[in-house]
Structures are given as structure tokens and as C-alpha cells.
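Here's the structure, in C-alpha cells; my notes come after.
Read the figures in this text as sums done on the coordinates, not as results from a lab. Computed from a prediction, not measured in an experiment: that's the story for all the values here. Note that each Cβ is placed from the backbone with ideal geometry, even for glycine, and that neighbours are counted across all protein chains shown.
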Amino acid sequence: MSEPLTETQTLAKRTKWAYVSTRVLDTPFWGIFNMLPFILYKDLHATPYQLAVLITLKPLVSILSSYWSVWINQRSERIVGNIICTRLLAILPFFFFPFFDSPWFFIASFGLYMMLASSLVPAWMELLKQNIPKVKRENIFSFTQVFGYFGGGLLPFVLGGVLDDYNQAWRWIFPLAGAISLGASIFQWNIIIKPGTSVEGIASQKFSHHLMKPWKSAWNLLKQRPDFTKYQIGFMLIGGGLMIMQPALPVYFVDVLHLSYMEFAVALTLCKGIGFAAGSPLWSKWINRTNIYRFSGSIAALACCFPAALLLTQSQIVWLYIGYFAYGFMQSGNELSWNMSGPIFSKEQDSTVYTSINVMAVGVRGAFIPILGALLIALFDASFVMVLGGIICFFATLLFFGYAFTEQKQTLKV
């Protein structure tokens, strides 16, 4: 007979299955969710302006998500219930997709889902930190990332055939995928929460307090932790370099490379997914063996290869697939660094503020960098913007490796 599990093992097991089941059951939803821009344009005849709003919403709602994230984490004993309710609220509008035709309803549903999904990241990272040992935590995170990313990349191929054969089938696929996603609530209810300190007097405080609290908390933490501030500066450069290229990619693919839809789909979903799957186990092992700055510097160095490969695609199409494989490989490490930096820097402290700063930084970048990229395309061309993105990522590489070298020297002195 096997020995009964200890309380710590029970905590780890229930949290693991809750997180894994959530990511696995979310995969069908993400598969159809990622196709929403194409559905809007093809079946609902959305205008280019409406599509631009949809693309811009993804990073911008990260700022709003920080406020919801603060509410989720106000009472530690209610965090599981808040996660379940937030997920229900995020998916609820998709059950009404069969009954609406206005593109603005679908755009609003997209924005609400992205905001609420982002707001849950700090809560999940804190639960993983509290209940699961460090090495297992990163392995679990990497596995779920690979499953979700690879599954979400392959599903569009399957769903594309269904959407082609059955007119407006997406209207019913969305509610079905949403119902599957909400099935994870069964596992989430089983998470055991360690007793925490309740926050009193929330209702009596002014609206301005709640409005400024995430920004004040972020500013205070950045002042107190210069090591984390350095990380944010470097990561802002990586994110900025990658984000400034996004408006240029469609222009470059259509006007310069003249790609067919199938060539683009193979690169974006298959090659990128394979790269992500190949990179995740390697990054998850290395993050425990190296300095977080050196780890992030390696990610930035790989990010420089993406625009270089795309520029070489003008001579051989194979470079497109190599570039997106490298991008997927890089992104698996990028997301691991982004999500795990809070628990790494916070050590024994609450990690939610650290992770919330990461989420807010995405929103800050999204507020102006894509617009800057679009302006530069008008002034120069798409190739120039991609080269600029590569140069920014190169500076991030130098900065991170410089931080790693400085920290290593300080450690040797001690």
C-alpha cells in the first residue's frame, strides 16, 4: 500500500491538476479564438479600422487587467472563487455569438476576454509558487505552455476545414469551446489555499485610491528593487523590438514576399508551434541553472535572428520557416522568463505585484509602440522597421549580458 500524501504533497497535486486541466481544456477555445480576426473580416465584413482596433486591444487591455488583478488578490482565501468567477465572466459573451452580427460586439468580447485572462496571471503564478516546489513549478508551466501553444497552432488547420464546409459554423464552435474551457472549474475548486491576511477597509476607500494603487505599488517596488528594475528595462527593450515589427509584418509578407495563405499558415502555426515545443523543455531546465539576466539575454539574442531570417526570405522561402521556428523557440523562453520572473525575484515574498508589473508593462508598450511602427512604415518601409526591431533586440542582448556580468562580479567579491 502507498503511504498517504502529506499536506504539502496534497497542495502540490491539487494545484498541479487544476493548472494543467485549465490549460488543456482552454486549448480548443484558444484554437478558434486565434482565428477571430479572420472570421470578422471574412464573414462579418469588418472594416480595416475595426481590425486595427482588435489588434491594438490585446496589449492595451493589459493595463486595465492590473486593476482586476488587484481585486482578485485582495483576499487570499477567496482567490480560487475569484479565478472561477473571472473565467466565467470572460467566456460568457461567447455564448451569445450565434445571436449577434455587429463586429463591435465581437471586438468587445475579444477585449474583455484578453483583459480578464491577463488579470489571472499573477494569481496563478502565486498559487504555483505557494503550493509547488520550484523545479516542478517551471516544468509544469513549460508543459502546459507547449500543449496550449502547439494545440492552438494545429487546431486552426482542423477548424479551417469545418469553417469552409459549414457556413457560419464558428457561431456554435465558440460556445462549445467555451463550455469545455469552463469544465476546468471542477479541478479549480479542489485547490487548497494557505490562510492569508485579509485586507480591511477596502469599501471605504476612495475611487482614486483604487485607480492609482497598482501604479503606486509598481513604482514603490521598482524603487526598492533595482535588480527587478533592470530586468524590466531589458524586457521592455525585447518587447519593444518585437512589437514595433508587428505592423510591418503583413505589409512585408504581402508586398515584398507575396506569400500565399498556405505558406503563411505553415510558418505561423506549424513552424512556430514546433519551435515553441522544442524550446520549452530546454528553457525550463536552463532557467534553474543560470542567472535570470543571462537567461533573458539569450532570449534577446535569438529574437535578433527573426527579422534577419525574414529579410533572407527574399532569396529562399525556407528562411521564412527557419525564422518562425526560431521565433517559436525564442517565445517559449520569453514567456517562461516573463511568467517566472515574479516568483524568482520575490523569493519568499508575495509575487503578485512583480507579475502585475510585467502585465502593466505590456500595456504601456502596446499603447504607443505599434503606432510608432506604423508611422515608420509610412516614412520609410517595412524592411526598415524590421531592421530597427532587430537592432532594439540587440541592445537588449547587450544590456542583459552586461547585468549578468556585473552581478557575477559582485557575487565573486562577496
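If packing is taken as the average count of other Cβ atoms within 10 Å, what order do 92-100, 382-390 fall into, highest mean first?
Numbers: 92-100: 15.4, 382-390: 20.4.
Output ranking for 92-100, 382-390: 382-390, 92-100.
Modelled this way, with points 7 Å down the Cα-to-C-beta line, the labels at A278 and F395 are 3.1 nm from one another.
Which of rounded, prolate, oblate describes the range 209-414, given a ≥ b ≥ c as roots of the alpha-carbon gyration tensor eigenvalues and a/c under 1.5 marking rounded, otherwise prolate only if a/b is larger than b/c?
Prolate is the answer for the range 209-414, as a/c is 1.5 or above and a/b outweighs b/c.
Across the range 219-257, no residue has a backbone nitrogen under 11 Å from the label position 7 Å along the beta-carbon direction of S315.
Pairs exceeding a 22 Å alpha-carbon distance, out of K13/K129; K230/K409; K16/K285; K230/K272: K230/K272. Close amide-amide hydrogen proximity is noted between M35 and no other residue 5 or more places distant or on a separate chain, at a cut-off under 5 Å (H modeled in the peptide plane; Pro and chain starts excluded).
Would you mind getting me the FRET efficiency between W215 and N167? Use the beta-carbon distance for r and R0 = 56 Å, nearest 0.05. List each step's numbers first, then the result.
On the way: r = 47 Å, r/R0 = 0.84.
Rounded to the nearest 0.05, the efficiency is 0.75.
Residues F395, F106, F380, ranked from the fewest to the most other C-beta atoms within 10 Å, line up as F380, F395, F106.
Once a ≥ b ≥ c are taken as the square roots of the eigenvalues of the Cα gyration tensor of the range 211-254, is the result rounded (a/c under 1.5), prolate (a/b larger than b/c) or oblate (a/b not larger than b/c)? Each step should come with its number before you reach the end.
Values: a/c = 8.40, a/b = 2.32, b/c = 3.61.
It is oblate, given that a/c is not under 1.5 and a/b is not larger than b/c.
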